[in-house]
Amino acid sequence: RGVTCLVVDHDMSLVMNISDDVVVLDQGRKIAEGPPRVIQRDPEVIRVYLGDEHAAADQS
């Protein structure tokens, strides 16, 4: 406790497993922030990383 560590990585499995909170950037703009379980379901994060067709499927 009491230690903050900043990890910048594109390995989402790693990031989601070691993080209490995640900030997602797209082209330098923050698009989401929160715990991994919330970030994994965020429609904007899904759209940016996987494409529009995945975001639409996840919301149905």
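Since every read-out is calculated from the coordinates, none of them should be taken as a lab result. Since the structure is predicted, the reported quantities are computational estimates derived from the model, not experimental observations. Please note: Cβ atoms are built from the backbone with ideal geometry, for glycine as well, and neighbour counts cover all protein chains shown.
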I'm spelling it out carefully: the read-out is volume of the Cα convex hull per residue in Å³, the candidates are (1) 48; (2) 90; (3) 102, and one was derived from this structure. Which label? (2)
Extension reserve of the ASN17-ARG41 stretch, reckoned as 0.36 nm per residue once the Cα distance is removed: 7.1 nm
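What size of dipole, in debye to the nearest 20, comes out for segment 12-59 about its Cα centre when the only charges are +1 on Lys and Arg C-beta atoms and -1 on Asp and Glu C-beta atoms?
Rounded to the nearest 20 debye, it is 60 debye.
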Which of GLY51, THR4, ILE39, positive extreme of dipole for the chain (C-beta unit charges): THR4
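Run the helix sum for the chain: -39,500 (n - 2.57) per DSSP H stretch of 4+ residues, divided by residue count, reported at 222 nm to the nearest 500 deg cm²/dmol.
So the helix-based figure for the chain works out to -11000 deg cm²/dmol.
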